[in-house]
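Derivation of every value follows stated rules applied to the coordinates shown; laboratory data play no part. What you are looking at is a predicted structure, and each value in this text was computed from that prediction instead of being measured.
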Amino acid sequence: MAIFTLSEALEAGVHFGHVTRRWNPKMAKYIYGKREGIHVIDLTKTIEEAEKAKEFLQNLVRMGGKILF
């Protein structure tokens, strides 16, 4: 089960990125497009990567690791 759904991410505004002139080229694979001078983040990839992060943290805790926030 995903951490959040596509519609929840849209409602929360997760898809809004930085202004296009302040972007980092390393993030190109996560950018869906641009609109009115703002990058639009690819929410499908965002959800996939959030799921990977969740799994990593779950495994870390299972192995007795600690997480600091």
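Reported count of residues in the stretch 1-55, each being among the acidic types (D, E) and in a loop (DSSP other than H, G, I, E, B), is 2.
Of all residues in the stretch 23-69, those being hydrophobic (A, V, I, L, M, F, W, C) and closer than 22 Å to E11 by Cα number 8.
Got a sec? Which of K34, K29 is within 14 Å of the chain's Cα centre (by Cα) and not hydrophobic (A, V, I, L, M, F, W, C)? On inspection, the qualifying residue turns out to be K29.
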